[in-house]
1. For the residue pair Lys170 and Thr95, what label-to-label distance in nm results when each label sits 7 Å from Cα along the Cα-to-beta-carbon direction?
2. Just add up the charged neighbours of Tyr19: K/R +1, D/E -1, any other residue whose Cβ is under 14 Å from the Cβ of Tyr19.
3. Cα centroids of region 43-86 and region 133-149: how far apart, whole angstrom?
4. Tell me, what % of the accessible area of the chain is carbon and sulfur with a 1.4 angstrom probe?
5. Just the number, please: Stokes-Einstein D of region 7-136 in µm²/s, Kirkwood Rh from C-alpha pairs, 4 °C, 1.567 mPa s.
6. What whole-number value in cubic angstrom gives the convex hull volume per residue for the C-alpha atoms of region 14-60?
7. Relative contact order for region 1-119: what is it in percent, counting Cα pairs under 8 Å that are at least 6 residues apart?
8. What translational diffusion coefficient, to the nearest whole µm²/s, does region 89-189 have by Stokes-Einstein, given a Kirkwood radius computed over alpha-carbon pairs, a temperature of 25 °C and 0.890 mPa s viscosity?
Amino acid sequence: MDLRKLRKKMRKVQDEPRYEHTLSVAYTAANLAAVYGEDVDKALRAGMLHDCAKCLPDHDKLELCKKYHIRVTDMERRNPSLVHAELGACLAKDTYEETDQDVLNAISSHTTGRPGMSLLEKIVFVADYIEPGRTKAAHLREIRKLAFEDIDQAVIRILQDTLEYLSKAKSDIHPGTQLTLNYYLEQKG
Ligand code: DGI
Ligand code: FE
Ligand code: FE
């Protein structure tokens with residue numbers, strides 16, 4: 001689907017702040033793609049689609065997971081927001097005509113990351129966190145700079161800060177988030 005059409009679709013299925021965030025992630029991902037030599041158009045599409053399932057009511061999210069045979073853990077059932085990434089990838093393929101597997105993976109892994117992410121996946125994961133509309137996260141100044149200099153290190157810092165935030169907020173930690181951090185720390189050596 002071309003970008004103009006994707007923008008129209010997302011404007012329909014997202015509330016206004018989410019749509020603004022979506023545009024910002026797409027443009028931030030495009031800039032990161034330019035710096036790291038990734039396909040800018042793929043980065044734009046992945047950014048536009050990454051939260052396509054975010055604004056569905058929780059009940060609809062869980063019903064759609066059934067439809068797409070997405071396994072939902074007890075922890076995800078308690079935090080249905082966490083399924084929006086994997087569900088988003090299914091909707092991107094089915095409803096928004098996305099056929100590129102790397103783009104679909106980038107949507108699927110954007111919340112927790114995953115071990116062995118492709119460059120495009122890292123770009124979307126990082127863009128989601130640093131887009132200019134984000135203001136609340138810790139160390140944003142530092143991480144924004146790092147993102148354009150050493151993307152793996154930016155992935156690590158984001159995961160560390162996310163885990164710290166979640167533990168302070170006494171939220172459940174998704175095993176994927178910890179697994180991804182362990183992988184990138186080990187890879188750094
Ligand atoms: O969809 P966005 O808000 O743009 O960003 P996102 O897809 O990264 O989701 C962010 C939310 O996901 C944020 O509130 C923190 C939460 N999150 C990320 N990892 C975990 C998590 N929540 C829980 N409970 N456990 C996690 O491991
Ligand atoms: Fe998201
Ligand atoms: Fe997002």
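The values are calculated or read from the model by the stated rules, or taken from the named source; none is laboratory data. The structure displayed is predicted, hence computed values, not measured ones. Note: ideal-geometry Cβ built from the backbone for every residue, glycine included; neighbour counts use all protein chains shown. When the accessible area is computed, the model is the full protein with side chains, heavy atoms only, and any ligands, DNA or RNA have been set aside. Shrake-Rupley method; radii C 1.70, N 1.55, O 1.52, S 1.80 Å.
1. If labels sit at Lys170 and Thr95, their model points lie 3.5 nm apart.
2. Local charge sum for Tyr19: +2.
3. 26
4. Using a 1.4 Å probe with all protein chains present, the chain comes out at 50 percent carbon and sulfur.
5. 89
6. 59
7. Answer for region 1-119 is 25 percent.
8. Rounded to a whole number, D works out at 173 µm²/s.
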